[in-house]
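Structure first, then comments.
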Amino acid sequence: MNHSHEKPINVLIVDQPFDADGNETPFGRRWGGERFTLTPEHLAALQAGKSIAVDVMSEYAVFLKLGEGV
């Protein structure tokens, strides 16, 4: 249950990608999704303090960054 004062969960670790095309997901009902694979070069860039920019469905941009202490 998500109360209005709780921050929604927007990052999860899952065993494998799931079908998000009109289906109920751990985030609620979603109407699309894409799968991205990070390379060793991407991981090295993250570890060097850079961010990874990802184009999602030619409509949204997502930015990945390592958390504090990683």
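For (1) surrounded by 10 or more Cβ atoms within 10 Å (Cβ to Cβ); (2) over 18 Å from Ile9 (Cβ atoms), each residue gets a yes or a no:
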{"position": "Arg29", "(1), (2)": "no, no"}
{"position": "Glu34", "(1), (2)": "yes, yes"}
{"position": "Glu41", "(1), (2)": "no, yes"}
{"position": "Ala48", "(1), (2)": "no, yes"}
{"position": "Ser51", "(1), (2)": "yes, yes"}
{"position": "Leu66", "(1), (2)": "yes, yes"}
{"position": "Val70", "(1), (2)": "no, yes"}
### Query
Can you spot a residue in segment 46-57 that is at pLDDT 90 or above and basic (Lys, Arg)?
yes
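With the structure loaded, tell me whether Ile13 is of a type in the set (A, V, I, L, M, F, W, C) and touching a helix residue (DSSP H, G or I) at 6+ places or on another chain (Cβ under 6 Å) or whether it fails that test. Please lay out each step first, then the result.
On the way: of a type in the set (A, V, I, L, M, F, W, C): yes; touching a helix residue (DSSP H, G or I) at 6+ places or on another chain (Cβ under 6 Å): no.
So Ile13 does not fit the description; no.
The values are calculated or read from the model by the stated rules, or taken from the named source; none is laboratory data. Computed from a predicted structure; not experimentally measured. Quick reminder, even Gly has a Cβ in these numbers, built from the backbone with ideal geometry, and neighbours come from all protein chains shown.
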